[in-house]
Amino acid sequence: MKEFAFIFISAILINNIVLSKFMGICSFLGVSQQIKSSLGMGAAVTFVMALTGLITYPVYYYILVPMQMEYMRTISFILIIAALVQIVESLIKKLFPPLYRSLGIYLALITTNCAVLGVALINLNEEYNFAQSMVNSIATGLAYTLALLLFAGIRIRTEHSEVPAAFRGVPSTLISASILALSFVGFSGLAG
Amino acid sequence: MAKQSNIKILTKGIFKENPALVTLLGMCPLLAVTTTIYNGFGLGLATLFVMVMANVTISLLKKIIPSAVRLPCFIVVITSFVTITELLVKAYAPELYAKLGIFLPLIAANCIPMGRAEVFASRNSVFKSLLDGIGMGLGFLLALVLMGTVREALGSGTLFAGTDFMITIPWVHENPMIVFLLPAGGFFALSLIIAALNKIINRPPPLSVGCASCSLNGACASCQTGGAGKEA
């Protein structure tokens, strides 16, 4: 149980996928303009990450490893993710129309979100077992949501501030991200 | 798309439409691996190779690929070359492989190769796609090296560490600003570089993160008009 708690806290606070591993930056900067869209994107990413963890583990250990095709992992994972997103999108559209209306547009954005492929590869690199992979996948999704939410909160407050012309737009957004990332450095002590 | 001369196709990726610094695509590797020039150059070279090969292949196949399933086809082509690159780097530069780690396979999820495949390679001749791949790849390489230079010079007070030409910057080396090696410094350095470019070429600052916000990149309307981020 202790190791699960450790993986969970590590993924969310110490090695936050966005703020210290730099994955999913594109959507981090692009979607985080409102709290509501951040929540939607975060929920969609968490959902897809959990499914990705669930499927890539058996595919790697029960198909690729016995066939000695480990080098095919990037191709197979990215295709699994792309297919998964399509299936999830159609399923939600058919079964839960209200959920689709709030999450649908974000789902389409996930296919090549590097954080999703990243979490599948991290699970392998860390040699997690199945339960650990699942904990890590879900925690990473929550970490992504946390980063997005925090950042959206900051952006709403700084949106209308006066900044020097050259810094207007993206540069000032990046500075906010930098300060947010700096605050997460404080958590690195938790690792012990 | 207006007809462009070959030289223009080659140079627009490096300056006018630099994928990393102007259209703000491929930010993840740009921020993650650039703690030294050596790492940035290594990843830039790998991405350049993938982009040139993927652009040429997709341009060759453009008449065969049905448009309904073109995005999965692009993904497969790009990821194949990423896997080839991964194996090559692992075999011939194991140190670099260890340093780049997960970001080497993640080239597959980079929006730049995908965006170029959709916007350029799937509608232009093989030779033009080759030039476009070289130009855009070099532009990205340049941005990575620029970031690497700023972060390495300020963060550890050296230049070209890890190669035979290592230079030590006198005072900074003893008093490095370690924050530039941390993730926070990555965001900060990129912000400074973009702001400096805004100031120097006096362009209107980009207001949004163009196509980058749509990770399925090429498929979105703004990419299809050929200008990632131009609508801002």
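Values computed for the structure shown
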| quantity | calculated |
| --- | --- |
| B:LYS63, sole failed condition from (1) crowded, with 16+ Cβ neighbours inside 10 Å; (2) more than 8 Å from chain A (Cβ to nearest Cβ) | (1) |
| Complete set of residues in region A:14-28 that are crowded, with 24+ Cβ neighbours inside 10 Å and not in a loop (DSSP other than H, G, I, E, B) | A:ILE25, A:CYS26, A:SER27, A:PHE28 |
| Sole exception among (1) surrounded by fewer than 17 Cβ atoms within 10 Å (Cβ to Cβ); (2) of a type outside the set (Ser, Thr, Tyr); (3) within 16 Å of the chain's Cα centre (by Cα); (4) within 11 Å of chain B (Cβ to nearest Cβ) for A:VAL45, by number | (1) |
| A:SER137 being in contact with an Asp or Glu (Cβ under 9 Å, 6 or more places away or on another chain), modelled with pLDDT of 90 or more and within 24 Å of A:VAL119 (Cβ to Cβ) | no |
| Selected residue (only one of B:THR83, B:THR57, B:THR79, B:THR47 is over 27 Å from A:TYR144 (Cα atoms), hydroxyl-bearing (Ser, Thr, Tyr), part of a helix (DSSP H, G or I) and in contact with a helix residue (DSSP H, G or I) (Cβ under 8 Å, 6 or more places away or on another chain)) | B:THR57 |
| Complete set of residues in region A:113-149 that are in a helix (DSSP H, G or I), crowded, with 21+ Cβ neighbours inside 10 Å, within 14 Å of chain B (Cβ to nearest Cβ) and not aliphatic (A, V, I, L, M) | A:CYS114, A:GLY118, A:ASN123, A:ASN136, A:THR140, A:TYR144 |
| Out of B:LEU190, B:LEU154, B:LEU182, B:LEU159, sole residue that is touching a strand residue (DSSP E or B) at 6+ places or on another chain (Cβ under 6 Å), under 21 Å from B:TYR38 (Cβ atoms) and modelled with pLDDT of 65 or more | B:LEU159 |
| Single residue of region A:150-192 satisfying the filter (hydroxyl-bearing (Ser, Thr, Tyr) and assigned to a helix (DSSP H, G or I)) that is nearest to the other protein chains (Cβ to nearest Cβ) | A:SER178 |
| Selection count where residues are part of a helix (DSSP H, G or I) and either under 20 Å from B:SER191 (Cα atoms) or hydrophobic (A, V, I, L, M, F, W, C) (or both), scope region B:124-158 | 24 |
| Residue in region B:64-78 that is closer than 30 Å to B:ARG151 by Cα and out of contact with any Leu (no Cβ under 8 Å at 6 or more places or on another chain) present | yes |
| Which listed residue, of A:PHE167, A:PHE130, A:PHE187, is within 20 Å of B:ILE193 (Cβ to Cβ), out of contact with any Cys (no Cβ under 7 Å at 6 or more places or on another chain) and aromatic (Phe, Trp, Tyr) | A:PHE167 |
| Residue in region B:31-39 that is of a type in the set (A, V, I, L, M), assigned to a helix (DSSP H, G or I), at pLDDT below 90 and closer than 20 Å to B:THR79 by Cβ present | yes |
| Region B:138-189 - residue that is free of Cβ contacts under 8 Å to residues at least 12 places away in the same chain, in contact with a Phe, Trp or Tyr (Cβ under 8 Å, 6 or more places away or on another chain) and not aromatic (Phe, Trp, Tyr) and, of those, nearest to B:MET53 (Cα to Cα) | B:MET166 |
| Which listed residue, of B:VAL145, B:VAL89, is out of contact with any strand residue (DSSP E or B) (no Cβ under 6 Å at 6 or more places or on another chain), more than 14 Å from chain A (Cβ to nearest Cβ), at pLDDT 85 or above and surrounded by fewer than 23 Cβ atoms within 10 Å (Cβ to Cβ) | B:VAL145 |
| Lone qualifier among B:LEU10, B:LEU21 - being surrounded by 20 or more Cβ atoms within 10 Å (Cβ to Cβ) and not acidic (Asp, Glu) | B:LEU21 |
| One residue from B:VAL150, B:VAL179, B:VAL126, B:VAL172 being aliphatic (A, V, I, L, M), away from chain A (no Cβ under 14 Å) and under 29 Å from A:GLY186 (Cβ atoms) | B:VAL172 |
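The values are calculated or read from the model by the stated rules, or taken from the named source; none is laboratory data. Quick caveat, the model's predicted, so the values are computed rather than measured. Neighbour counts run over all protein chains shown; Cβ positions are idealised from the backbone, glycine included.
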